[in-house]
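Encoded as structure tokens, the structure appears first; notes follow it.
The values are calculated or read from the model by the stated rules, or taken from the named source; none is laboratory data. Note that the structure is predicted; figures quoted are calculated from it, not measured. We place every Cβ from the backbone using ideal geometry, glycine too, and count neighbours over all the protein chains shown. Side chains included, ligands, DNA and RNA excluded: accessible areas come from the protein's heavy atoms. Shrake-Rupley method; radii C 1.70, N 1.55, O 1.52, S 1.80 Å.
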Amino acid sequence: MNQDIVILGIESSCDDTSAAIIKNGWLLGQATASQEVHRIYGGVVPELASRAHEQNIVPTVDAAIKRAGIQKEEISAIGFTRGPGLMGSLLVGVSFAKGLSVSLGIPLIDVNHLQGHILAHFIDEEGKDNRHPEFPFLCLLVSGGNSQIVKVNSYNQMEILGQTIDDAAGETIDKCSKFMGLGYPGGPIIDKLARKGNPNAFTFNKPVIRGLDYSFSGLKTSLLYFLRDRMKENPDFIEQNKEDIAASFERTVVEVLMHKLTLAVKQTGIKRVALAGGVSANTKLREAYLEKKEKAGWDVYIPPFSYTTDNAAMIAMNAYFKYQDGDFCSLDQPAFSRVTI
Ligand code: KG4
């Protein structure tokens, strides 16, 4: 009898259609189709995203299976993102997963996208160092829609220690780019500019929020007013100072994130600290983690760049753990646009 566990993971929560094959915890192959169509609109247009997923899902799954060098009959189960995300986008992945599971006669596993980001730290890949955090560990999950400090007790037991009460860190950085008349998504643009700027050139008021929660809406407004006032004095202010503005704003966001995370480490006594989500690609945030490793003795886990953005390998990995627990879902499992950890 074949004891191998082969999982097909499908991710379609936002604007990336991704499929991956994990065999016994090892990533064999992944294919991702990104959607350029949104760039001219300065943000993801939900209707266009669902249409593009519909076009991309079959070739993407096909490419992942081919890259993995397996036959579809070898797949043990299909894991799919059930949410959070854009409903139209999610429905494409969920419906495709259901159809394929019926045709192959194999079980379905629903995966929480946020848990997927965190468990990306357990994907084994040939030629990589494959270091995994031991439980329990803390994870700063920072993306376009989330900013959370999560205590990860096991593969399937996680608790939120703190989270944003308004905007997410990624959304705030994206807005910084937008206010400055730069492109979308703003994260990589601000990151690149900031590397050439002085992080101490300007000061922005940091939010004062109790406990381990975050707030970024005030910081966003403070940047907006700052730019408005300076542009009144000098219409070329942004153009002349864009590197310094980006560096100073990015420093402030990273300091806010790291302040609460440091507090969480002190409160829990857990020094194993991981990073996950799209904003984990940020250079300054990665540097801040490495500084904590050197100066405060944190055992840090920073994801490879390929796992910072949405990907199906993390969904397949999550499903792999659930498969071993026999944690399957039925064909009437719906998609949810809002789901917590
Ligand atoms: O996790 P993700 O790919 O999508 C979800 O929100 O689910 O995160 C996207 C966010 C965007 O706000 C994007 O601007 C931000 O991650 N991001 C970055 C960087 N790369 C992507 N933020 C800061 N620095 C970066 N290098």
Filtering the range 1-49 down to residues that are polar (S, T, N, Q) and in contact with an Asp or Glu (Cβ under 7 Å, 6 or more places away or on another chain), which residue is farthest from the ligand (Cβ to nearest atom)? 24
Could you grab the pairs with beta carbons closer than 9 Å, sequence gap of 6+ or different chains, first residue in the range 146-159 and assigned by TED's automatic domain parsing to the domain that holds residue 170 and modelled with pLDDT under 95, second one surrounded by 14 or more Cβ atoms within 10 Å (Cβ to Cβ) and of a type in the set (Gly, Ala, Ser)? 146/168; 146/169; 146/170; 146/277
How do the pairs read when you match residues in the range 48-59 that are in a helix (DSSP H, G or I) with residues anywhere that are among the acidic types (Asp, Glu), using Cβ under 8 Å and keeping only pairs 6 or more apart or on different chains? 49/15; 52/15
What number of residues within the range 15-28 satisfy the criterion of being part of a strand (DSSP E or B) and surrounded by fewer than 19 Cβ atoms within 10 Å (Cβ to Cβ)? 1
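Is the range 84-91 home to any residue that is in the same structural domain as residue 22 (by TED's automatic domain parsing), within 25 Å of residue 304 (Cβ to Cβ), of a type in the set (A, V, I, L, M) and open to solvent by less than 40 Å² (accessible area, probe 1.4 Å)? Before you say what the answer is, go through the steps one by one.
Initially, the range 84-91 is screened for residues in the same structural domain as residue 22 (by TED's automatic domain parsing), giving 84-91.
Of the ones still in play, those that are also within 25 Å of residue 304 (Cβ to Cβ) are 84-85, 89.
If we keep only those that are of a type in the set (A, V, I, L, M) as well, we get none.
The answer is no, given that none of the residues of the range 84-91 is in the same structural domain as residue 22 (by TED's automatic domain parsing), within 25 Å of residue 304 (Cβ to Cβ), of a type in the set (A, V, I, L, M) and open to solvent by less than 40 Å² (accessible area, probe 1.4 Å).
Would you point out the residue of the range 29-43, among those that are under 20 Å from the mean Cα position of the chain (by Cα) and open to solvent by 40 Å² or more (accessible area, probe 1.4 Å), that is nearest to residue 89 (Cα to Cα)? Explain how you work it out, then say what you get.
Residues of the range 29-43 under 20 Å from the mean Cα position of the chain (by Cα): 29-36, 38-39, 42-43.
In the following step, the residues that additionally are open to solvent by 40 Å² or more (accessible area, probe 1.4 Å) were identified as 30, 32, 34, 36, 39.
Numbers: 30: 19, 32: 14, 34: 13, 36: 15, 39: 17 Å.
This residue is 34.
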The condition of being within 21 Å of residue 334 (Cα to Cα) and touching a strand residue (DSSP E or B) at 6+ places or on another chain (Cβ under 7 Å) holds, among 9, 83, 88, only for 9
Those residues of the range 173-194 which are open to solvent by less than 50 Å² (accessible area, probe 1.4 Å), out of contact with any Ser or Thr (no Cβ under 6 Å at 6 or more places or on another chain) and within 6 Å of the ligand (Cβ to nearest atom), in sequence order: 173, 174, 187
Matching strands (runs of 3 or more DSSP E) fully within the range 63-170 where at least 2 residues are closer than 15 Å to residue 313 by Cβ: 77-83, 108-112
